[in-house]
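The values are calculated or read from the model by the stated rules, or taken from the named source; none is laboratory data. Not measured: the values here are computed from a predicted model. FYI the Cβ positions are ideal-geometry reconstructions off the backbone, even for glycines, and counts take in every protein chain you see.
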Ligand SMILES: [Zn+2]
């Protein structure tokens, strides 16, 4: 027989899962926005770098130290973007296969490692 408490605790755990999904979604969205902003900054540094090299070549100037600075900054942006992408991936791969334990995307129907059916 289902008691009132059972119904309440079931409703509670469903709400907790839904709450976790929502906060994950918000966090992933936040990370994606952060990555997109870094990519935008990266493109503007790249654009500036192109203009700098072009103008310098045209004027016969040596701007190697400035080019090095730009490359260092671009590498830093790339590392940050890679770290953000890894974090985003970690949120996506949240369902563990009950047969082999491999992490799978939360929308997967079958395990990408062993092919077993993935149930949520
Ligand atoms: Zn598996």
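Among the residues in the range 71-80, are any within 20 Å of the chain's Cα centre (by Cα), in contact (Cβ under 8 Å) with a residue 60 or more places away in the chain and away from the ligand (no atom under 16 Å from the Cβ)?
Looking for residues that are within 20 Å of the chain's Cα centre (by Cα), in contact (Cβ under 8 Å) with a residue 60 or more places away in the chain and away from the ligand (no atom under 16 Å from the Cβ), one finds none in the range 71-80, hence no.
Output the number of residues of the range 106-117 satisfying the condition of being surrounded by 14 or more Cβ atoms within 10 Å (Cβ to Cβ) and under 20 Å from residue 24 (Cα atoms).
2
Name the residue, out of 27, 34, that is touching a helix residue (DSSP H, G or I) at 6+ places or on another chain (Cβ under 8 Å), surrounded by 11 or more Cβ atoms within 10 Å (Cβ to Cβ), at pLDDT 95 or above and assigned to a helix (DSSP H, G or I).
Going through 27, 34 in turn, the sole match is 34.
Taking interchain pairs and intrachain pairs at least six residues apart, which have beta carbon atoms under 7 angstrom, with the first residue in the range 87-108 and within 15 Å of the ligand (Cβ to nearest atom) and the second modelled with pLDDT under 85 and not in a strand (DSSP E or B)?
Qualifying pairs under 7 Å: 94/106; 95/106; 95/120; 105/92; 106/92.
Looking only at the range 40-57, decide whether some residue is part of a helix (DSSP H, G or I), closer than 30 Å to residue 107 by Cα and over 11 Å from the mean Cα position of the chain (by Cα).
Step one: of the range 40-57, the residues part of a helix (DSSP H, G or I) are 40-57.
From what is left, the residues that are closer than 30 Å to residue 107 by Cα are 40.
Adding the requirement that they be over 11 Å from the mean Cα position of the chain (by Cα) leaves 40.
Yes, the conditions are met somewhere in the range 40-57.
Can you pull out the residues in the range 13-24 that are without any contact (Cβ under 8 Å) to a residue 60 or more places away in the chain and either surrounded by 11 or more Cβ atoms within 10 Å (Cβ to Cβ) or within 16 Å of residue 94 (Cβ to Cβ) (or both)?
16, 17, 18, 19, 20, 21, 22, 23, listed by residue number.
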